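Input: a single structure, listed below in structure tokens.
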Amino acid sequence: MAIENEAPQIIPNADYFEKYLAECYNTILTSKEFDINQMSESVGSEKFRKAIATFMFRFHGIDTPPERIIVGAGVPSLLTRILRLPSIVHPEGIPKQEGLLSRAEQIASGIRPLVAFGEDESEQVKKLFFNSKIRVKDVPVDKQIVSFDSLLSSGATILYLTPFETSSIPVETLNERREEFFTWVNAMPYRFIIEYDSTKKIATKTAAFKKEDTHDNVIYLNSFSSLLCKGISASWAVLPEKLYKEYLEMYGNFPCQLSYLEQTALAMFMEKRHLDNYLETIQSSLEEEEQEDELAF
């Protein structure tokens, strides 16, 4: 039971996105133009993926073709599917033999999938990898960022990162560590960086890893539960080309886990720039808070 006179939790511009998202749903449900009973392809509807690609370019300057985007119902289920892809499970390639010989060949190779986390990363996220039979290793944090020297000695095939920008870290330090991470991931064809972008900020000190992914080794994750509210589970990933092809081979015969109705409504919401306007309001609110903190300091 709510306590009387308790101040409600106010999300900046919440009324705005609730109003216009509801309008998008209403337009679709009352129009004969849309067949809401249809199932979208395994990677998500083309319309939704195009809207996401356009938004990503405006929001982060990430230029990615819609054909590299996969859509899901929540980051956990989407990430779990990705972690089952052959190039993730078998860093050096799928063994030629089967049965006991295959197992022996895997052990002999000496390279097994292992993900490196910053030691302060969420236990819930680590559990997703553990449940996918991928070993987890906590890597010490240096200057609030994953230690590069520890990453080198970890034996990791995957580095999991969330935005590590904080006001106390100089831009030069951030950029230097980014270059080190790219050096690490580009050194071996079986290494990947998984970047979960949970920020609402349009302008940040450093670019998203995916924006500078010249060797196609970064898996980018984002979710409307981070951008809008937790009640919207829609999520997406941008995959390197070889992982995208493997995803189609494994899941191409299954429909997308996210309903066609929700995909269409969110696509319309993005096309009309409602998401941009909402995030601009969030951005202004964050900037005001940062200025107040600086003045207080």
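Numerical summary
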item: Close pairs (9 angstrom Cβ cut-off, 6 or more residues apart or separate chains): within 15 Å of I219 (Cα to Cα) and aliphatic (A, V, I, L, M) in the range 109-129, assigned to a strand (DSSP E or B) and open to solvent by 40 Å² or more (accessible area, probe 1.4 Å) anywhere; result: V115/R135; V115/V136; V115/K137; A116/V136; A116/K137; A116/D138
item: Extreme residue, farthest from the chain's Cα centre (by Cα), among residues of the range 18-77 that are of a type in the set (S, T, Y) and over 15 Å from A265 (Cα atoms); result: S42
item: Cross-chain or 6+ apart pairs with Cβ under 7 Å, the range 19-34 first and aromatic (F, W, Y), then assigned to a loop (DSSP other than H, G, I, E, B); result: none
item: Restricting the range 100-119 to residues that are modelled with pLDDT of 75 or more and in a loop (DSSP other than H, G, I, E, B), the residue that is least open to solvent (accessible area, probe 1.4 Å); result: P113
item: Among the candidates R191, R135, R178, residue that is open to solvent by 20 Å² or more (accessible area, probe 1.4 Å), closer than 30 Å to F57 by Cβ, of a type in the set (K, R) and modelled with pLDDT of 80 or more; result: R191
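Matching residues to (1) open to solvent by 10 Å² or more (accessible area, probe 1.4 Å); (2) over 15 Å from S40 (Cβ atoms); (3) touching a Ser or Thr at 6+ places or on another chain (Cβ under 9 Å):
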| residue | (1), (2), (3) |
| --- | --- |
| Y220 | no, yes, yes |
| G231 | yes, yes, yes |
| E241 | yes, yes, no |
| K245 | yes, yes, no |
| G252 | yes, no, yes |
| T264 | no, no, yes |
| K272 | yes, yes, no |
| I282 | yes, yes, no |
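The values are calculated or read from the model by the stated rules, or taken from the named source; none is laboratory data. If you're wondering where the values come from, they're calculated on a predicted model, not measured in any experiment. Positions of Cβ are generated from backbone atoms using ideal geometry, with glycine treated the same way; all protein chains shown enter the neighbour counts. Each accessible area value is taken on the protein alone, full model and side chains, heavy atoms only, with ligands, DNA and RNA left out. Shrake-Rupley method; radii C 1.70, N 1.55, O 1.52, S 1.80 Å.
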